[in-house]
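Accompanying notes for the structure given below.
The values are calculated or read from the model by the stated rules, or taken from the named source; none is laboratory data. Bear in mind that the values here come from a model prediction, so they are computed numbers and not experimental data. For neighbour counting, all protein chains shown are included, and Cβ atoms are generated from backbone atoms with ideal geometry for every residue, glycine included. All accessible areas refer to the heavy atoms of the entire protein, side chains included, with ligands and DNA or RNA removed. Shrake-Rupley method; radii C 1.70, N 1.55, O 1.52, S 1.80 Å.
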Amino acid sequence: MAINNYTDSQIEQIIKDHIVQKFMYNQPHVNLDNDLPLIAEGIIDSMSLFKLAGFLEEKFGFTLNPDEFVTDNFATVNAVKSLVVKKM
């Protein structure tokens, strides 16, 4: 399914690449799969959640509402991808 010229798998890869480059650079031993609990594993915290949200807004061209800044939307790669797909 193509959403604004991105397929689901492309969206997923963009999210994963960003998380690995920006938040996991010092955790090479961790395998980032789609269901890895990002917050519970300490990969993202409250500050990096906002940084990730800003990246998503800029990259995919949408604006998050304040009520969308909840941990459930950023809990896993799958959760983040679902948020992006919903916003696009």
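Which loop-located GluC sites (Glu not before Pro) does the chain contain, where loop means any DSSP state but H, G, I, E or B and the Cβ has at most 14 other Cβ atoms within 10 Å?
Listed in order of number, the matching sites are Glu41.
Using label points projected 7 Å from each Cα along Cα→Cβ, tell me how many nm separate Ser82 and Val30, to one decimal.
For the pair Ser82/Val30, the computed spacing is 2.1 nm.
Is there a quick way to get the dipole size of the chain? I mean about its Cα centre, with the Cβ of Lys and Arg at +1 and of Asp and Glu at -1; what is the value in debye to the nearest 20?
220
For the chain, with all protein chains present and a 1.4 Å probe, just round the carbon and sulfur fraction of the accessible area to a whole percent.
Looking at the chain in its full context, I get 49 percent from C and S.
Note down the accessible area of Ile11, probe 1.4 Å, to the nearest 10 Å².
0
Principal axis extents for the chain, Cα atoms only, whole Å, descending order, please.
34, 27, 19
Hey, what angle do you get for helix 8-23 against the long axis of the chain, alpha-carbon based, 0 to 90 degrees rounded to 10?
So the inclination is approximately 40 degrees.
Suppose all protein chains stay in the model; what accessible area per residue would a 1.4 Å probe give for the chain, in Å²?
Result: 59 Å² of accessible area for each residue.
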